[in-house]
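Below is one structure, written out as C-alpha cells; comments come after it.
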Amino acid sequence: MKNSIALIGFMGTGKTVVGKLLAEKFGKGFIELDMEIEKTAGKSIPDIFRDDGEIHFRDLEIEAVKQIAGKKNVVIACGGGIVLNMVNIFRLKQECVIVCLTAAPEVILQRVSGDKDNRPLLASADRKNKIKELLEFRLPFYDRAADITIDTSGNDAPGVVQKIINALSEYESHD
Ligand code: S3P
C-alpha cells in the first residue's frame, strides 16, 4: 500500500499548513517542494520567476519531483502548478496517494491577501479575476490528478486534517 501523501491544489488552499499537521499526526516526514526548488536554485521562487521565467521554474519543479517522488512515508506539499506537467503526477503516483485541496475563489483571495510578494502568478491589479481565471483553467487538471478531493473552505487546518484522515481510510478500504 502507498504510505506517502502528495497534497496538490491551488495557491491558498492550505497545502503547507495542513501538510505539516498531517505529517505530524501520522509520524511521517514533511517535504515542501517549493523549498526544495529554492534550495537547488539558491534563490526564492519570486526571484526565479523574475530572473529566469516561469518555464525555467517548471523545469526545476519537474526535477524536484523526480528527486522526491520515490520517497516513502512522507507528506509532500506541492506547488499549485504541479498538475500542469502530467509527468509530475505520474511520478508522484508511484508512492503517493494524491490529495487535492480546494477552496472557493473568495476564500483563496482572503488567504493569499497577506503575502502579496510571494506568489508571482497572482501579481495582478485584479487578483480576484486572476484567481478565477487560473482556477477555471486548472480545474480539469486537478480533477484528473486527484485520488481524493477535500473542500477546505469552511475548515481550519485541524478540521481539514480530520477530513483527510476520514477520506483516506475510506479510500484505502476500497483500494
Ligand atoms: C504556483 C504556486 C506556488 C509556487 C509558484 C507557482 C502555481 O506554490 O509553486 O509560485 O503555479 O500555482 P503554492 O501553491 O504553495 O503557493
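The values are calculated or read from the model by the stated rules, or taken from the named source; none is laboratory data. Being a predicted model, the structure only gives us computed values, none of them experimental. Neighbour counts are summed over all protein chains in view; Cβ atoms, including those assigned to glycine, are modelled from backbone coordinates with ideal geometry. Please note that ligands, DNA and RNA were not included when accessible areas were found on the heavy atoms of the full protein model with its side chains. Shrake-Rupley method; radii C 1.70, N 1.55, O 1.52, S 1.80 Å.
Please get the size of the charge dipole for the stretch 46-92, origin at its Cα centre, with Cβ charges of +1 on Lys and Arg and -1 on Asp and Glu, quoted in debye to the nearest 20.
Result for the stretch 46-92 is approximately 400 debye, rounded to the nearest 20.
Per residue, what volume in Å³ does the convex hull of the Cα atoms of the stretch 35-103 enclose?
94
May I ask which of LYS15/LYS66; LYS2/LYS39; LYS2/LYS28; LYS43/LYS66 have a Cα-Cα span longer than 22 Å here?
The answer is LYS2/LYS39.
Could you tell me the center-to-center distance, by alpha carbons, between the stretch 44-83 and the stretch 108-125 in angstrom?
19
Where only protein heavy atoms count, and the probe is 1.4 Å, what is the accessible area per residue for the chain in Å²?
Roughly 50 Å² per residue, with all protein chains present.
Among MET86, ILE164, LEU33, which residue has its Cα positioned farthest towards the positive end of the charge dipole of the chain, with +1 placed on the Cβ of Lys and Arg, -1 on the Cβ of Asp and Glu, and the dipole taken about the Cα centre?
Sorting the options by dipole projection puts first ILE164.
So if I place +1 on the C-beta of Lys and Arg and -1 on the C-beta of Asp and Glu, and nothing else carries charge, what would the dipole magnitude of the stretch 4-173 be about its Cα centre? I want it in debye, nearest 20.
Details: 23 positive and 25 negative charges, 35 e Å.
The dipole of the stretch 4-173 has a size of about 160 debye.
If R0 is 30 Å, what FRET efficiency do you get for GLU24 and ASP59 from their C-beta distance, rounded to 0.05?
0.40
Could you state the principal axis extents of the C-alpha atoms in the stretch 26-169, from the largest down, to the nearest angstrom?
The Cα atoms of the stretch 26-169 stretch 42, 34, 26 Å along the principal axes, largest first.
Along the charge dipole of the chain, Cβ charges K/R +1 and D/E -1, which of ASN3, VAL18, GLY154 sits furthest on the positive end?
It is ASN3.
Using a 1.4 Å probe on the protein heavy atoms, what percent of the accessible area of the chain belongs to carbon and sulfur?
Details: 4540 of 8810 Å².
C and S atoms contribute 51 percent here.
As a test of the formula, what do you get for the chain when each DSSP H run with n ≥ 4 contributes -39,500 (n - 2.57) and the sum is divided by the residue count, at 222 nm and rounded to the nearest 500 deg cm²/dmol?
-17000 deg cm²/dmol
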